Amino acid sequence: MRMADLNPSFTREARGRRFSGLSGRLNAAAIAVAIGALLAACAPAASPSIAPSLSPVGSASTLQASPTAASPFPLTLVDDEGTSVTIPAEPRRIVSLTPGTTEILFALGVGDRVLATDSASDYPAAADELPDVAAFGTVDAEKIVGLEADLVIAGGNGYTPPDGVTKLRSLGIPVLVVYAATVAGVSGDVEHVGKAVGRAAEGTELAAVMRADLAALAAAAGSLPKPRTFYEVDATNEIYGPADHSFLAEMVELAGGSPVTSGSADNFEIPLERLIAADPEVIILGDAAFGTTADAVAKRPGWGVMTAARAGAVRVADDKLITRPGPRLAQGLRSLILAIHPGAALR
């Protein structure tokens, strides 16, 4: 998290935006215990394992029916939550409720069909200009109905509230829920969305390019040293970084780092004592866009003893690229490799 526009318990909207990509992957139940209601209403999700092969296995998408050779519509897809979703005709009035799927839709060439998005959808520029009908954990079903949407693409793991999805479906609007729990799952969801909007060939092509780029970058990073690396999502009050075997931990590992994690499969909060004991050799500031600096980190009580702080290895990164499950993910991996290994030779 990209990962974007977070939850009611965060009083500052900016702090919520730090999770624009990541929030769709956080386990709400565990973090709610940690900070009082973080990611409330989100059901626990299975912890994804690291997938260094980047093989196309991450999506639950399954094409159920293809009535004619000329057109796949009507068709039924199984979304990433296992729900069968029937799309009667090729969608022309689409609403995207996550920033990742918004980017996918524009990359597939159907941005002109997108009527509205969520508050975190800020790329490309045309998407940022569209009206917002949702934010993390909220959705305005009445506005979506008023737009006469013929397809809504929602976020799983609580990013789009389940009751909002249920309401929209009860009103006859097809709602496809996507949730990439692994890096490979992102390209799988690109293919899935491509099928849903009648751009299956484009989705397959885009996913193939993503897989090739990600695999090449991971291979390049594979020969590099593996410094203990902590990716900071937020440290305004409590400290948040990767959970064990999370998407973010997988990204750090693929980028040639040994991820320092929370010690939990579903809680992203890490105690300072655990972080000090892990002694990261590199600290990556995913929250740099919100004013966090290396100098500020060095001045935090207790942080100065860590190897990264003493060696001046506290670096910034573009969190949206790294954590947002969309077509720019390879750019994110590249930027993360260079943050962990400045000067690395990448094609």
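The values are calculated or read from the model by the stated rules, or taken from the named source; none is laboratory data. Just so we're clear, the structure is a prediction, and the values are computed from it rather than from any experiment. We place every Cβ from the backbone using ideal geometry, glycine too, and count neighbours over all the protein chains shown.
Please find, among K143, K226, K167, the residue that is at negative phi, surrounded by fewer than 21 Cβ atoms within 10 Å (Cβ to Cβ), of a type outside the set (A, V, I, L, M, F, W, C) and touching a helix residue (DSSP H, G or I) at 6+ places or on another chain (Cβ under 7 Å).
K167
Condition check: in contact with a Lys or Arg (Cβ under 6 Å, 6 or more places away or on another chain), within 30 Å of G158 (Cβ to Cβ) and in a loop (DSSP other than H, G, I, E, B). Does P280 satisfy that?
Taking the combined requirement at face value, the residue satisfies it.
Among the residues that make up region 236-251, is at least one of them assigned by TED's automatic domain parsing to the domain that holds D318, part of a strand (DSSP E or B) and surrounded by fewer than 24 Cβ atoms within 10 Å (Cβ to Cβ)?
Narrowing region 236-251 to residues assigned by TED's automatic domain parsing to the domain that holds D318: 236-251.
Add one more test, that the residue is part of a strand (DSSP E or B), and what stays is 240.
Filter once more, keeping what is surrounded by fewer than 24 Cβ atoms within 10 Å (Cβ to Cβ): none.
No; the residues of region 236-251 include none that is assigned by TED's automatic domain parsing to the domain that holds D318, part of a strand (DSSP E or B) and surrounded by fewer than 24 Cβ atoms within 10 Å (Cβ to Cβ).
Could you please let me know if I173 is of a type in the set (V, I, T), farther than 21 Å from A339 by Cβ and assigned to a loop (DSSP other than H, G, I, E, B)?
Yes: the conditions hold for I173.
Tell me, please, whether a residue that is in a helix (DSSP H, G or I), assigned by TED's automatic domain parsing to the domain that holds D80, farther than 20 Å from G332 by Cβ and among the β-branched types (V, I, T) can be found in region 184-199.
no
Filter region 60-114 down to residues that are crowded, with 21+ Cβ neighbours inside 10 Å, of a type outside the set (G, A, S) and part of a strand (DSSP E or B) and give me whichever is modelled with the lowest pLDDT.
L75
Please work out which residue is nearest to E191 (Cα to Cα), limiting yourself to region 91-150 and to residues that are touching a Lys or Arg at 6+ places or on another chain (Cβ under 7 Å) and of a type in the set (V, I, T).
The selected residue is V110.
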